[in-house]
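**Student:** I'd like to ask you about the structure that follows.
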Amino acid sequence: MAISLRSDSAKGYALSMPAVVYVGFLVAVPLALMVAHSFWTQDYIDINRELTLENYRQAVDDPLIRLLLIRSVVIAGLVTGLTVLLAYPIAYFIAFKTQKKALWLILVTIPFWSSYLLRVFAWKLILGYNGVLNSGLLTVGLIDEPLSFILYNPNAVVLTLAHAWAPFAILPIYVSLQKIDPSLLEAATDLGNTAIERFLRVTLPLSIPGVIAASLIIFIPTVGDYVTPALVGGADGKMIANLIQVQFGAANDWPMGATLSIMAILVVAFVAAVFVISLRSAGRRIR
Amino acid sequence: MTRLQHLRPGLGSYAAAYLAFLYLPVLFLPVFSFNAGTIVAFPLTGFTFQWYEKLAEADALLGALGNSLIVGLATAVISTAIGLFAARAFARHSFFGRGPAEGLVMLPLVIPGIIVASSMLVLFINMGLQPSLLTIIAGHVFLALPFAVSILKSSFDQFDGSLEEAAYDLGETVVGTFRRVTLPVVAPGIVSSFLVTFTVSFDEFVLAFFLAGNEPTLPVYIWSQIRFPAKLPNTLALGTLLILGSILLLLAAEYFRRRAERSSASR
């Protein structure tokens, strides 16, 4: 008994048990409940527990739900692309072009630690019709009347989310760049590659895992973002999370809310899988 | 080589512009929190502290602050404690299923907030728990655990296991070894995990919004204020203080993390 308790794996199981059980319970049980709810229906204030596909049929037939799901994926995709594109040069800069790596890493992560809600709120103030940007440009005399295309639409949502998620893109890309063996870069140079060829044929393919990680870390939560579309999205920038919240709040139709959540999870999983597979094969083809 | 040197200033100035993009939006909060006018627009109309003075009179705000502190402290203690065991298991012991177990503990990082929030609401109501600070704490521990585990795991990774073996060989008990060898080396990591998980909880909105019931945390309170233009300057002053607090906490966490690195490197 004493010997088995001291064995390496027994200790590992015992120590990791609380965290694994806690997270496992809070992932599996709520998910099971959501799946169950999605096959039930709301009967005024009661829930009818007869299994039915009625919610899914309604959701698929509803043009508003289709629109919100597609818009959520498109906005999240744009945010992911923009964020990774803007972040890649910074990760490259920190990995290869500066001696003060630690300082830069802290500088890019600090804003992330200010409340997400407040950062979105700041963008609302900046982009407003009478907001910081418009009033600033008016005061300087660059524009004659306030720009109206910048708040309460999908552009504002993309911009705000791209700002909010920036550090999440930099760190994974930086880590994958940092791992590249310098002798590979030297070899490419010795074999006559120019700096640009070397980047395209060695550095970029080797950093694809970081790009994939960064994209997933941004894309998955962004599809289900609630705060940004609610604050800066207006009617045209609302996303699926806003509708899910209404189902669990004002509309009090949990089965429909659960159905939308499950559909959102499935759509996210599908898009993420297609993305990972295609980017991996693209990475292999360049090499 | 000359080409690369040409690239250097270009990339450097891009990096500087990027930092401006990261920081400028947030800096408008403090700037306008001292503005005398109630409209958030240029030109600035004068300097005032009155919005900060008004904060002290807002009872609902102080209540929400108290709630947030309770939830944050409980979340930090629980997630750091559970995380400490798990981090040790992942860093020191090899066992069948370790990879998937680590992956599972990191999962809360990548589930959309709205899904976590709505499914936990359904769970807690079905368990007969009404929304309260308790349910928020349960949810925040879930969200904070990945942060605790990854911070603590890196402090165990950097700490030479043979030090513990030496202590056992010299006759220390398990408890004595933990107290006199392990704890002093891992302590900065624990402090860092505590501060980070507290911050995660203190700033979290969506889950608290679903699970708050009639006990709002600070972000939920702020959400209720954002809709009222008349309350805008107060919200700016409050936001400025919160951002300042978060940054100080994070810098403290970073300081302790580095001390952990240095102390384990020098031993």
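**Student:** Being surrounded by fewer than 18 Cβ atoms within 10 Å (Cβ to Cβ) and either at pLDDT 90 or above or under 18 Å from residue B:121 (Cα atoms) (or both) is the filter here; which residues of region A:32-49 pass it?
**Tutor:** A:32, A:35, A:36, A:45, A:46, A:47 - these are the residues of region A:32-49 that are surrounded by fewer than 18 Cβ atoms within 10 Å (Cβ to Cβ) and either at pLDDT 90 or above or under 18 Å from residue B:121 (Cα atoms) (or both).
**Student:** Among the residues of region B:146-178 satisfying the criterion of being among the hydrophobic types (A, V, I, L, M, F, W, C) and not in a helix (DSSP H, G or I), which is nearest to residue B:208 (Cα to Cα)?
**Tutor:** B:159
**Student:** Can I ask one more? Out of A:143, A:196, A:208, I need the residue that is under 30 Å from residue B:111 (Cβ atoms) and among the β-branched types (Val, Ile, Thr). Which one?
**Tutor:** Going through A:143, A:196, A:208 in turn, just one is under 30 Å from residue B:111 (Cβ atoms) and among the β-branched types (Val, Ile, Thr): A:208.
**Student:** Of the residues that make up region A:261-278, is at least one surrounded by fewer than 23 Cβ atoms within 10 Å (Cβ to Cβ), away from every other protein chain (no Cβ under 12 Å) and assigned to a loop (DSSP other than H, G, I, E, B)?
**Tutor:** No, there is no match, as no residue in region A:261-278 is surrounded by fewer than 23 Cβ atoms within 10 Å (Cβ to Cβ), away from every other protein chain (no Cβ under 12 Å) and assigned to a loop (DSSP other than H, G, I, E, B).
**Student:** Right, here's the next one. Looking only at region B:116-145, which residues are closer than 17 Å to residue B:219 by Cα, assigned to a loop (DSSP other than H, G, I, E, B) and free of Cβ contacts under 8 Å to residues at least 12 places away in the same chain?
**Tutor:** Residues satisfying the conditions do not exist here.
**Student:** On the given criteria, is residue A:25 among the aromatic types (Phe, Trp, Tyr), touching a residue at least 60 places away in the same chain (Cβ under 8 Å) and assigned to a helix (DSSP H, G or I)?
**Tutor:** Taking the combined requirement at face value, the residue does not satisfy it.
**Student:** What pairs can you find where one residue is in region A:50-75 and surrounded by 12 or more Cβ atoms within 10 Å (Cβ to Cβ), the other is assigned to a loop (DSSP other than H, G, I, E, B), and their Cβ atoms are less than 7 Å apart, with a gap of 6+ or different chains?
**Tutor:** Partner pairs satisfying both residue conditions: A:52/A:39; A:68/A:238; A:68/A:239; A:71/A:239; A:72/A:239; A:75/A:239.
**Student:** For the structure I just gave you, tell me whether residue B:183 is under 22 Å from residue B:74 (Cα atoms), surrounded by fewer than 20 Cβ atoms within 10 Å (Cβ to Cβ), more than 9 Å from chain A (Cβ to nearest Cβ) and not aromatic (Phe, Trp, Tyr).
**Tutor:** Taking the combined requirement at face value, the residue satisfies it.
**Student:** Just give me the residues in region B:179-208 being part of a helix (DSSP H, G or I), closer than 28 Å to residue B:116 by Cα and charged (D, E, K, R), in sequence order.
**Tutor:** Listed by number, the list holds a single entry, B:203.
**Student:** Based on what the data block shows, is residue A:10 more than 16 Å from residue B:107 (Cα to Cα), aliphatic (A, V, I, L, M) and in a helix (DSSP H, G or I)?
**Tutor:** So residue A:10 passes the test.
**Student:** Keeping to region B:80-99, report how many residues are in contact (Cβ under 8 Å) with a residue 24 or more places away in the chain and not basic (Lys, Arg).
**Tutor:** 8
**Student:** So which of A:237, A:210, A:283 ends up being part of a helix (DSSP H, G or I), in contact with a helix residue (DSSP H, G or I) (Cβ under 6 Å, 6 or more places away or on another chain), buried (at least 18 other Cβ atoms within 10 Å of the Cβ) and among the small types (Gly, Ala, Ser)?
**Tutor:** Going through A:237, A:210, A:283 in turn, the sole match is A:210.
**Student:** Another question, then. Quick one: in region B:78-100, of everything that is under 26 Å from residue B:136 (Cβ atoms) and at the interface with another protein chain (Cβ under 7 Å from one of its Cβ atoms), which residue is surrounded by the fewest Cβ atoms within 10 Å (Cβ to Cβ)?
**Tutor:** Going through the qualifying residues, I end up with B:85.
**Student:** Is there a residue in region B:232-240 that is at pLDDT 80 or above, β-branched (Val, Ile, Thr) and over 20 Å from residue B:124 (Cβ atoms)?
**Tutor:** Looking for residues that are at pLDDT 80 or above, β-branched (Val, Ile, Thr) and over 20 Å from residue B:124 (Cβ atoms), one finds at least one in region B:232-240, hence yes.
**Student:** Also, quick follow-up: Could you grab me the full set of residues in region A:73-130 that are within 7 Å of chain B (Cβ to nearest Cβ), more than 22 Å from the chain's Cα centre (by Cα) and modelled with pLDDT under 85?
**Tutor:** A:130
**Student:** Turning to a different aspect of this structure: If you take the residues in region B:215-234 that are in contact (Cβ under 8 Å) with a residue 12 or more places away in the chain and assigned to a loop (DSSP other than H, G, I, E, B), which one is farthest from the other protein chains (Cβ to nearest Cβ)?
**Tutor:** Across region B:215-234, the extreme among qualifying residues is B:215.
**Student:** Going by the structure shown, is residue B:145 under 18 Å from the mean Cα position of the chain (by Cα), at pLDDT 95 or above and buried (at least 21 other Cβ atoms within 10 Å of the Cβ)?
**Tutor:** For residue B:145, the condition - under 18 Å from the mean Cα position of the chain (by Cα), at pLDDT 95 or above and buried (at least 21 other Cβ atoms within 10 Å of the Cβ) - is met.
**Student:** Of everything in region A:104-145 that's outside any loop (DSSP other than H, G, I, E, B) and of a type in the set (Gly, Ala, Ser), which residue is surrounded by the fewest Cβ atoms within 10 Å (Cβ to Cβ)?
**Tutor:** A:136
**Student:** Find all pairs meeting these conditions: Cβ atoms under 6 angstrom apart; at least six residues apart or on different chains; first residue within region B:149-161 and farther than 14 Å from residue B:194 by Cβ and of a type outside the set (D, E, K, R); second residue at pLDDT 85 or above and surrounded by fewer than 23 Cβ atoms within 10 Å (Cβ to Cβ).
**Tutor:** B:156/B:88; B:156/B:91
**Student:** If you don't mind, another one. Counting only residues that are surrounded by 13 or more Cβ atoms within 10 Å (Cβ to Cβ) and free of Cβ contacts under 8 Å to residues at least 12 places away in the same chain, which one in region A:82-100 is nearest to residue A:252 (Cα to Cα)?
**Tutor:** For region A:82-100, the residue satisfying everything is A:89.
**Student:** Working carefully through the options B:104, B:73, B:123, B:145, find the one that is more than 7 Å from chain A (Cβ to nearest Cβ) and in contact with a helix residue (DSSP H, G or I) (Cβ under 9 Å, 6 or more places away or on another chain).
**Tutor:** Criteria check complete, one pass: B:73.
**Student:** Can you spot a residue in region A:223-235 that is away from every other protein chain (no Cβ under 11 Å) and on the phi > 0 side of the Ramachandran plot?
**Tutor:** yes
**Student:** Filter region A:233-273 down to the residues that are among the hydrophobic types (A, V, I, L, M, F, W, C) and at pLDDT below 90 and list them by number.
**Tutor:** Within region A:233-273, A:235, A:250, A:251 meet the criteria.
**Student:** Another one. Which pairs do you get when a residue that is at positive phi, found in region A:250-279, comes within reach of a residue that is not in a helix (DSSP H, G or I), reach meaning Cβ atoms under 9 angstrom, with the pair 6+ apart or on two chains?
**Tutor:** Pairs that qualify, where the first residue is at positive phi and the partner is not in a helix (DSSP H, G or I), are A:252/A:42; A:252/A:45.
**Student:** For region A:259-287, how many residues meet the condition of being among the small types (Gly, Ala, Ser) and over 21 Å from the mean Cα position of the chain (by Cα)?
**Tutor:** Residues that pass the stated criteria total 3.
The values are calculated or read from the model by the stated rules, or taken from the named source; none is laboratory data. Every value quoted in this text rests on a predicted model; they were computed, and no experiment measured them. Every residue, glycine as well, gets a Cβ built from its backbone with ideal geometry; the counts of neighbours run over all protein chains shown.
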